[in-house]
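The values are calculated or read from the model by the stated rules, or taken from the named source; none is laboratory data. Computed from a prediction, not measured in an experiment: that's the story for all the values here. Here the Cβ is made from the backbone with ideal geometry for all residues, glycine too, and neighbour counts use every protein chain on show.
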Amino acid sequence: MNDAIELNERDTEILETLVGLAGDDADWFFEIPVDADRIPSPPWPDSIQSPHPDEIRSLVNRDLLEIDKSVAPTWRFWPSAKARDHFPDAVEKTLKEALSDPDQRLAVILKSIVDAFNADPSKPLLLLRTDQVDIVRHPGWAIPPDVVRHHDLSQLVELGLVGWESETEFYPTPAGRMAVGNPAALLNERAEQTEDEAERSRLRDWTEKIRAGDVAVSATSGLTTAAIRALLGF
């Protein structure tokens, strides 16, 4: 860490969380809406007190946050390069926490599968099973190779989001890619395919919530978490 940056415990908590949630996405930003005093959850975790505008202002004044003044009175901000350099392990920590969260785990895994497939669709995603752990192999795989279990993929297969090419090769289905790229379209498609009126209505409600922006966006998996919760029957 850079000793020239003086941070108290609360500063550290806020910045480490912001850097971890933003990850490597240069376009990701955080907002405190008008007439609010906190970042909505998600992306902000409920277990940590959300920063209020005075805390944000203090970090901006120390060049640890960048702020977009053009959208005032909404507070829109993101970690500066200085803050990112100060917390090099924050992204890995946040990813680990997301993978440990039952609500986010499948969405994070599916997004990683789709991202890897899009990076190099000519190479199959492999799941190599051992006595201790399962290992994922692919040139575009961006999360630790030993965190995905066969059980995780089986759940995604049941939802129609992942398919098996062989006993070891798997891939994201068109529905899986849609769950990451356009979850509202996927849920609308599933609604049209079902003959159960109650289920059709439930999926349409989810579709409208996503399209209207009434579903909070996870920093680690976008709206994919909402799509998977809908498909699971929530």
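A few notes on this one:
- Enumeration of residues in the range 204-234 that are over 17 Å from the mean Cα position of the chain (by Cα), surrounded by fewer than 22 Cβ atoms within 10 Å (Cβ to Cβ) and more than 13 Å from Leu161 (Cβ to Cβ): Arg204, Asp205, Thr207, Glu208, Lys209, Arg211, Ala212, Gly233, Phe234
- Hits in the range 174-198 (condition: within 22 Å of Val108 (Cβ to Cβ) and more than 19 Å from the chain's Cα centre (by Cα)): Pro174, Arg190
- Meets criteria (surrounded by 13 or more Cβ atoms within 10 Å (Cβ to Cβ) and either outside any helix (DSSP H, G or I) or touching a residue at least 12 places away in the same chain (Cβ under 8 Å) (or both)) for Ser112: yes
- Screening the candidates Ala98, Ala107 for the property of being of a type in the set (Gly, Ala, Ser) and at pLDDT below 90 yields one hit, Ala98.
- Residues in the range 51-61 that are in contact (Cβ under 8 Å) with a residue 12 or more places away in the chain and over 20 Å from Arg84 (Cβ atoms): His52, Pro53.
- For Ile228, the test of being more than 19 Å from Ile143 (Cβ to Cβ), out of contact with any Lys or Arg (no Cβ under 9 Å at 6 or more places or on another chain), β-branched (Val, Ile, Thr) and assigned to a helix (DSSP H, G or I) is failed.
- The range 212-230, subset β-branched (Val, Ile, Thr) and farther than 13 Å from Leu106 by Cβ, residue modelled with the lowest pLDDT: Val217
- Flag for Glu158 being out of contact with any helix residue (DSSP H, G or I) (no Cβ under 7 Å at 6 or more places or on another chain), modelled with pLDDT of 95 or more and under 20 Å from Asp103 (Cβ atoms): yes
- Considered as a group, the residues in the range 28-43 that are of a type in the set (D, E, K, R) and touching a strand residue (DSSP E or B) at 6+ places or on another chain (Cβ under 9 Å) include one that is farthest from Pro79 (Cα to Cα), and that residue is Arg38.
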